[in-house]
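The values are calculated or read from the model by the stated rules, or taken from the named source; none is laboratory data. It should be emphasised that the depicted structure is a prediction, and the values quoted were computed from it without experimental measurement. Every residue, glycine as well, gets a Cβ built from its backbone with ideal geometry; the counts of neighbours run over all protein chains shown. In case anyone asks, the SASA skips ligands and DNA or RNA and just uses the protein heavy atoms, side chains included. Shrake-Rupley method; radii C 1.70, N 1.55, O 1.52, S 1.80 Å.
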Amino acid sequence: MSTEESTEQAVEATYTPAQIKAATTKEAVLKALLDQVDKAYKAARADVQAMLDEQQRTTGGTKFDATLPDGTKVGDVRLSGGEKAAKITDEQAFVEWAHKQFPSEAITKLVRPVPARLVKGVQPKFVTLLLEQMTAAGVAQVHHAETGELLDVPGVEIKPSRARTHSVNFTRATKVKRAGRDLVADAWRSGILAPIVLPALAPPPAATAAAAPSADESEAAA
């Protein structure tokens, strides 16, 4: 037996062609369904966000029930308000103010190459501290620790730092009630949801009508 023959070993297939075909078909089908669901979900989420924002502005409402067509509650949708934070919008104005009010926190650097120039700044840790204080207060003002004076801070604005969003919360299962997710699954299997939430994947009405014989056909068969 040659060295080449002794080192070569036959590799047995782990999966049969039928198994591979079934697996690839399953993935392809799920990918097609996922694309449809993802597209519909993003559109629905954008619609809900716009509606919740309007309701919060007009009525103050931030929480709404999610129900099935028959009125069964499966959860609720809650609006989360966007967060705001102090941000420097005019660095020059802020730095000049900080140099005047807190000279011990000032930084002046000589920046090269030629022509060299002086650049004014403020200690980073001190800037962070001031911004945190203004974020907590919700206004562009800080208290001077030594004088106790309330100072307006130029070059800083309280601006949104996180967009408003919302969350879907399903009801939990109890001894007498099924979980919201299970109720949705039941309703989907019954066929009542597809035409409402995913019309692209709902069976056409003709298919449903063809499945049940008409009264005339029943009489003729009799």
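Things to note:
- When the range 15-60 is filtered for residues that are among the hydrophobic types (A, V, I, L, M, F, W, C) and more than 20 Å from the chain's Cα centre (by Cα), the ones remaining, listed by number, are A18, I20, A22, A23, A28, V29, L30, A32, L33.
- Taking residues in the range 22-39 that are in contact (Cβ under 8 Å) with a residue 12 or more places away in the chain, and partners anywhere that are open to solvent by less than 100 Å² (accessible area, probe 1.4 Å) and part of a helix (DSSP H, G or I), the pairs with Cβ atoms closer than 9 Å and at least 6 places apart or on different chains are L33/L201; Q36/A200; Q36/L201; V37/L201.
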